[in-house]
Amino acid sequence: MNNEGHKRRQRYKGKYPKKFNEKYKELNPELYPETIERVISKGSTPAGMHISIMVNEILEFLDIQPGQIGLDCTLGYGGHTLKMLEKLNHQGHLYALDIDSIEIVKTKERLKNKGFDEDILTVIQTNFRNIDKVSQEVGLFDFVLADLGVSSMQIDNPKRGFSYKKDGPLDLRLNPEIGKPASKRLKELSRYELENILEENSDEPYAKEIARNIDSYIKSGIEINTTKQLYKIIEKTLSFIEDKNKKDIVNKTAARVFQALRIEVNQEFEVLYEFVEKLPNILKPGGKVVVLTFHSGEDRIIKKSFKEMKRLGIYKDVARTVIRPSKEECRYNSRSKSTKMRWAIKE
C-alpha cells in the first residue's frame, strides 16, 4: 500500500465511515489499488473514481499517431485522455475540455503526476459547445472524442445531487458555480413544462403523473430541496403500481427523472445541437471523431447529424450501425451497459 503524501484521516463513528467526506478510500482511491481491484472485479465502480468506457474500440478507430493534434471534449476523470496521451508518445498535443470546476483541477493534477504536463496537454475549463472558439485559438484537429456520460465521481458525491441513492441537495449542475440548481428550476416550471421535459429528455412513461404530483407539492408550499425528497415524491406517485418488482420500477423511474432534470438544468440537448453543428469545422480533412452517448435522446441527435452531413458530403464516412460495449466490459463495468458509440470521418 502506497501512503506517500497521505494525511491522517479524520475519525468517524463505528467500524466503517458512513458520510462521503469521511470515506478516505473513496476520496483518494489511487492510494488503495487493492481495494480498487477488488471492487472492479465485482462489476462495480470504486466510489471517487471513474472507469473509462470502450477504450479499445475508441483507440482502434482513432488510430492516433505521434505528432497529431487531438481534442477530448469531456475530460472527466481523464481515463480516455490518459490513453490518448500514451498513443501520442509525447509528440503532438492534446487539448481537453471540461465544465466541472471541481473535478477539472483534480484530473489535471492526476495527469501531471503521470508525466503529462503543459508540454503535451492543455486543459481548458469550458463547455464543449465552445469547440469553435478553442479551434480558433489552436487550429484544426486530427481526432476528437466526446464522452457524453456523467462521471462516476459526480454521481457518487452526494453534494452534487446527481443520484437518488444518497441524500443531498437537489443540484444536478455540471458546474456548480453557474446556473440554477434543479431545486430552483422546479419552482419555475409549470406542470405541463415539467411533463414535457420528462417525456422529451428521458422518455418517462409516468411523466404526466409525476409532473402533476411535483406541481401540487410546490403549489402547496412544500419545497423540494433534496434528492431524497424528490425520490419520495416519485415513490408516492407510483404507489398505485401492483407488481412484485415495484421497487425496481420506482428506482428506474427515479433514474429517468433525475436524468431528465439534469439535461434541463445543464441545457444538454441545446449544447449537443451546437456541438454537432460546429464539429466538422474543427476537423482537418480526414479527421476522425468518436461520440459516446448514454440515452436515446443523445443518440438520435448524433445519428441524425452524422447521416445528414454524410449526405451533404461533409463527412466522408460515418458509422452505419451503433457500436456497443462487449459483454465482458458490461460485466466488469455495469455503468457501460447503456453506452452507444458512433464515429465519423471528415471529407
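The values are calculated or read from the model by the stated rules, or taken from the named source; none is laboratory data. Nothing here was measured: the structure is a model prediction, and the numbers come from that model. All Cβ positions, glycine included, derive from the backbone under ideal geometry; neighbour counts span all protein chains shown. Just the protein is used for accessible areas: all its heavy atoms, side chains included, with ligands, DNA and RNA removed. Shrake-Rupley method; radii C 1.70, N 1.55, O 1.52, S 1.80 Å.
Sub-8 Å Cβ pairs linking a first residue in the stretch 255-278 that is closer than 14 Å to Ala207 by Cβ to a second residue that is open to solvent by 40 Å² or more (accessible area, probe 1.4 Å), at least 6 apart or interchain, are Arg256/Asp203; Ala260/Glu200; Leu261/Arg185; Glu264/Arg185, ordered by first then second residue. The set of residues from the stretch 329-342 being at pLDDT 90 or above and surrounded by 20 or more Cβ atoms within 10 Å (Cβ to Cβ) comprises Thr339, Lys340, Met341, Arg342.
Which residue is farthest from Ser163 (Cα to Cα), if the candidates are limited to the stretch 205-250 and must be charged (D, E, K, R) and under 24 Å from the mean Cα position of the chain (by Cα)? So, considering only residues that are charged (D, E, K, R) and under 24 Å from the mean Cα position of the chain (by Cα), the one farthest from Ser163 (Cα to Cα) is Asp248. When the residues of the stretch 165-208 are filtered to those that are acidic (Asp, Glu) and assigned to a loop (DSSP other than H, G, I, E, B), the one that is surrounded by the most Cβ atoms within 10 Å (Cβ to Cβ) is Asp171.
Do we find a residue being open to solvent by 20 Å² or more (accessible area, probe 1.4 Å) and part of a strand (DSSP E or B) anywhere in the stretch 248-269?
Scanning the stretch 248-269 turns up no residue that is open to solvent by 20 Å² or more (accessible area, probe 1.4 Å) and part of a strand (DSSP E or B).
Answer yes if at least one residue in the stretch 91-98 is modelled with pLDDT under 95, open to solvent by 40 Å² or more (accessible area, probe 1.4 Å) and within 30 Å of Leu172 (Cα to Cα), and no otherwise. Scanning the stretch 91-98 turns up no residue that is modelled with pLDDT under 95, open to solvent by 40 Å² or more (accessible area, probe 1.4 Å) and within 30 Å of Leu172 (Cα to Cα). Against the list (1) at pLDDT below 95; (2) outside any loop (DSSP other than H, G, I, E, B), the condition Glu137 fails is (1). Flag: Ser135 matches the condition of being small (Gly, Ala, Ser) and under 23 Å from Glu277 (Cα atoms).
Of all the residues in the stretch 106-121, those that are more than 13 Å from Leu94 (Cα to Cα), without any contact (Cβ under 8 Å) to a residue 60 or more places away in the chain and within 19 Å of the chain's Cα centre (by Cα) number 2. Scan the stretch 294-306 and report the pairs whose first residue is assigned to a helix (DSSP H, G or I) and whose second residue is modelled with pLDDT under 95, with Cβ atoms within less than 6 Å and a gap of 6+ or a chain change. These pairs meet every condition: Glu298/Leu148.
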